[in-house]
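Each remark here refers to the structure printed beneath this line.
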Amino acid sequence: MDRKIAAALVSALALGVVSCGSAGPKLTREQLISKVEAACQEGGQTTQREMRGSSSTPVQYGSAITAGQRVIVARLRGLNPPAAAKRDFIAFQAGMQQRLQVYEQVLAALRGGGQPSAALQQHNLTLFRQLDALAKREGFVGCI
């Protein structure tokens, strides 16, 4: 699938999740920051837990990172950002979902005995930069 189409689908999905799946109350900016940071912290703890007691092979590392990212993406669902942060939050949420998909593709390549493609690695770097800029603008610390 063309990357632009895939990115558009992920963005549309994230928009749908945020606009339709925002069952919770409207959060203040401070509450949103707190909840996003808590999600990222929980994801990091999941990654660390998955790595404990295992040899540090690329597959195990990729599996642990992917598990942590799944936690973050799940925790971001249903958050109802304040109007002033909605656009950036939707973009952040979509980027985190895209990053999960990249991690899953990397993990699949590693499990198959291969290496992730240069294009996939470049896409991950681009996502990192975009997410870092959004996180800084919204005040999300420790997420990227």
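The values are calculated or read from the model by the stated rules, or taken from the named source; none is laboratory data. Just so it is clear, the structure is predicted and the values come from calculations on it, not from any experiment. Positions of Cβ are backbone-derived with ideal geometry, glycine not excepted, and every protein chain shown enters the neighbour counts.
May I ask you to list the residues in the stretch 48-62 that are surrounded by 19 or more Cβ atoms within 10 Å (Cβ to Cβ) and among the hydroxyl-bearing types (S, T, Y)? Correct list: empty.
Among the residues of the stretch 89-102, is there at least one that is over 11 Å from the mean Cα position of the chain (by Cα) and not acidic (D, E)? Checked the stretch 89-102: at least one residue is over 11 Å from the mean Cα position of the chain (by Cα) and not acidic (D, E).
Take the conditions part of a helix (DSSP H, G or I) and in contact with a Ser or Thr (Cβ under 9 Å, 6 or more places away or on another chain) and apply them to L100. Does it pass? Against the criterion (part of a helix (DSSP H, G or I) and in contact with a Ser or Thr (Cβ under 9 Å, 6 or more places away or on another chain)), L100 qualifies.
A quick yes/no check of all residues on (1) at pLDDT 70 or above; (2) part of a loop (DSSP other than H, G, I, E, B); (3) of a type in the set (V, I, T); (4) loosely packed, with under 13 Cβ neighbours inside 10 Å:
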position	(1), (2), (3), (4)
I5	no, no, yes, yes
L15	no, no, no, no
P25	yes, yes, no, yes
I33	yes, no, yes, no
G68	yes, no, no, no
I72	yes, no, yes, no
L79	yes, yes, no, no
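Among residues that are out of contact with any helix residue (DSSP H, G or I) (no Cβ under 7 Å at 6 or more places or on another chain) and under 16 Å from L134 (Cβ atoms), R99 is not included.
Figure legend. Inter-residue proximity from the stretch 103-120: first residues within 25 Å of G43 (Cβ to Cβ), second residues aliphatic (A, V, I, L, M), beta-carbon distance below 6 Å, spacing 6+ or different chains. Indicated pairs: Y103/I65; Q105/L120; L110/V59; R111/V59; P116/V106; P116/A109. Would you check which residues across the stretch 95-142 are of a type in the set (S, T, Y) and crowded, with 16+ Cβ neighbours inside 10 Å and list them? If the condition is that a residue be of a type in the set (S, T, Y) and crowded, with 16+ Cβ neighbours inside 10 Å, then Y103 is the only one that fits.
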